[in-house]
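Here's the structure, in structure tokens; my notes come after.
The values are calculated or read from the model by the stated rules, or taken from the named source; none is laboratory data. Predicted model only: the values in this text are computed from it and were never measured. So basically every Cβ, Gly included, is an ideal-geometry build from the backbone, and we count neighbours across all protein chains shown.
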Amino acid sequence: MSTIFGIEVISLRELAVALDVTPRAVQKWVAAGRFPHPLAIGRNRVWRKDDVRVWLERKFAEAPSETLPRSRGA
């Protein structure tokens, strides 16, 4: 992760690792409008850490409780 003028940003590779997906998956999400668009910094594409955090918080809020693992004894 890097900081540009006090704004924390994350690269495609770092983002893919953090989300445990391929870089191509992130690119497909962006193209489909399911993920924030990156910022162009020179030849690089980066995401604001805050934008990714907001996206994750929304995803957690939308997730139905049934997606959580259940114990075998339940």
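Suppose we filter the range 32-57 for residues that are part of a strand (DSSP E or B), charged (D, E, K, R) and out of contact with any Pro (no Cβ under 6 Å at 6 or more places or on another chain); how many remain?
Qualifying residue count for the region: 1.
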Pairs where the first residue, in the range 21-43, is farther than 16 Å from ILE4 by Cβ and the second is among the hydrophobic types (A, V, I, L, M, F, W, C) and part of a loop (DSSP other than H, G, I, E, B), C-beta under 7 Å, 6+ apart: VAL26/PHE35; TRP29/PHE35
The correct count of residues that are under 16 Å from LYS59 (Cα atoms) and not in a helix (DSSP H, G or I) in the range 1-31 is 2
Can ARG34 be described as basic (Lys, Arg) and farther than 16 Å from LEU56 by Cα? no
Would you call VAL54 modelled with pLDDT of 95 or more and either of a type in the set (Asp, Glu) or surrounded by 13 or more Cβ atoms within 10 Å (Cβ to Cβ) (or both)? no
